[in-house]
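The structure under discussion appears below in the form of structure tokens.
The values are calculated or read from the model by the stated rules, or taken from the named source; none is laboratory data. A quick note: this is a predicted structure, and the numbers were derived from the prediction, not measured. Virtual Cβ from ideal backbone geometry, glycine too; neighbours counted across all protein chains shown. When the accessible area is computed, the model is the full protein with side chains, heavy atoms only, and any ligands, DNA or RNA have been set aside. Shrake-Rupley method; radii C 1.70, N 1.55, O 1.52, S 1.80 Å.
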Amino acid sequence: MDTICAISTAQGVGAIAVVRASGPSAFEAAGHLFRPEAGISTLPAQQAKFAHLYDGEQLVDQVVVLKYAAPRSYTGEDMVEISCHGSLYIQKKILELLIEHGCRMAMPGEFTQRAFMNGKLDLPQAEAVGDLINSQSETSHHLAINQLRGGISKKMHQLRESLVHVASLLELELDFSEEDVTFANREDLDRLLAEIATEADTLAQSFKIGNLLKTGIPVAIVGRPNVGKSTLLNALLQHDRAIVSQVPGTTRDTIEDTLTIGGTLFRFIDTAGLRNTNDEVEQYGIERSYEAARRAAVILYLCDNSQQSRSEILDDFHNLQAQVDTLDKHIIFIFNKIDLVNEAQGGMMDKIEERYPAIAISAKARQFVNDVEDALLDFVESHRVQDMALLTNERHYGLLKSISKSIADARQGLAEGIPTDLLVEDIRAALTDIGTLTGTISTDDILNNIFGHFCIGK
């Protein structure tokens, strides 16, 4: 295998940069960059050393060199890290010198791919490295760390052990097929497969919330014109992101921004007000509002607490439901403009269906906006399963669905009394999918697709 090199820190100028080399010639290539008296060739592994790096007689930089001897390195190979000053010229020069002495530029994700190939990580853990680098919130970081520590891998190992047990019972029957011997009680087999199916289905179903927590929960702010949708968005973000006007229909397109609340990333979408209109441009904006509501996991349904009656609110909401399937949405009713309602007038909060959370606020005065944030966090907590690995990767989700189907086919076959060799094929198909997920079975196309999305140097 050849020796690769790359800059592993972010592109651009910084205080320091790290240049990596990994492979059988990593120590030799790096050694050419230093004078013999620097002692780099005899530097013990896992020990850092300050040294002067040269291009021939020309001093390039003062650096810190760290050597990792195989297999005790990230890649499982001999590896060198050179920490230099963050000058773009210095970074480029060190790379040129390493290439001159036998290295080649690494492909995207090639360091992590080598870690996988050398057994330092399984495939879900390797994929978690990319998720960890791209994590944007405490929650997405936690999910990536859990997967990096083997959360998904442990689940898949348990599924595999259970399926291997079932397969071994069926394979034993095939070995004695001429004697017409049945080693496995069919009811017991179905019970085992039902337990395995439950585990696989539960893990697959966790993808919905896991993917939302990883990428950010989409929240659509919906309601009539002038109920305060843009004002609420500005209040949540604590800066004026959307234009606020007393003129109905000011917002004619969706406006999006992100906010991290309690460690979880939310993607807020301010939408055009919903009403009947002959204005073609406004109508287009309203259609985009419905589309935003369809994509959202949470809908903040705003009402004007000072103007709208109970029947108007419910009629408007039912009109929304005619356009958007709200069964899988978390709806929060928000009664805005409480600053305009006196005690005699009261409000509409106590007159809306109890199954939906309701909050009274003044977005303009920024009163009780924190209650909206708390309600959003309650939604997250209600879907969080403690100590459970959440699926966040679409590749894993597709394979889990395939595993579930194979198990369902096996159970159906048991019920219909199909031959044992056909039952074994369904179990083998599920085991193959588990191997593909964990990387014990892999192809170059799969690996290139996974690691091709990594940054160069990782």
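Quick check on the chain: of the DSSP beta bridges with both residues there, what percent are antiparallel, nearest 5%? Spell out each step's value before the answer.
Details: 34 of 56 bridges.
The antiparallel fraction comes to roughly 60 percent.
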When the charge dipole of region 67-204 is computed with +1 on Lys and Arg Cβ and -1 on Asp and Glu Cβ about the Cα centre, the Cα farthest towards its positive end, among L143, V80, S153, belongs to V80
With all protein chains present and a 1.4 Å probe, the order of D257, D339 from largest accessible area down is D339, D257
Computed about the Cα centre, the charge dipole of region 42-154 from +1 Lys/Arg and -1 Asp/Glu charges at the Cβ has a magnitude in debye, to the nearest 20, of 320
Summing +1 per Lys or Arg and -1 per Asp or Glu among the other residues with Cβ less than 15 Å from R104's Cβ gives -4
Per the charge dipole of the chain (beta-carbon charges, Lys/Arg positive, Asp/Glu negative, Cα centre), the residue among G439, P225, I403 reaching farthest to the positive end is P225
Taking Lys and Arg as +1 and Asp and Glu as -1, residues besides Y89 with C-beta under 13 Å from its C-beta add up to -1
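Give me the percent of the accessible area of region 104-159 that comes from carbon and sulfur atoms, probe 1.4 Å, all protein chains in place.
Working: 1310 of 2510 Å².
Answer for region 104-159: carbon and sulfur cover 52 percent of the accessible area.
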Taking a probe of 1.4 Å and leaving out DNA, RNA and ligands, the chain shows per residue an accessible area in Å² of 50
Projected onto the charge dipole of the chain (unit charges on the beta-carbon of Lys, Arg, Asp and Glu, signs +1, +1, -1, -1), the Cα from N118, T42, Q283 with the largest positive-side position is that of T42
Distance in nm between K405 and D188 label points, each 7 Å along Cα→Cβ, equals 3.2
Classified through the alpha carbon gyration tensor (a ≥ b ≥ c as square roots of its eigenvalues; rounded if a/c is under 1.5, else prolate when a/b is larger than b/c, else oblate), the chain comes out oblate
Simple spin-label estimate for S162/K92, 7 Å along Cα→Cβ, in nm, reads 5.7
In debye to the nearest 20, the charge dipole size for region 110-238, taken about the Cα centre with +1 at each Lys and Arg Cβ and -1 at each Asp and Glu Cβ, equals 1500
Short to long, in 5 Å steps from zero, the percent of alpha-carbon pairs of region 52-124 per bin is 3, 14, 20, 23, 18, 12, 7, 2, 1, 0
Heavy-atom accessible area with a 1.4 angstrom probe orders K92, K155, most exposed first, as K92, K155
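For K67, K364, give the ranking by accessible area with the largest first, probe 1.4 Å. Write down the numbers at each step before the final one.
Details: K67 15, K364 165 Å².
Per-residue accessible area, sorted high to low, gives K364, K67.
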For region 286-345, the percent of all C-alpha pairs falling in each 10 Å bin, from 0 up to the bin holding the max distance, is 21, 48, 25, 7
Quick calc, the chain, dipole around Cα centre from Cβ unit charges on Lys, Arg (+) and Asp, Glu (-), nearest 20 debye, gives 1680
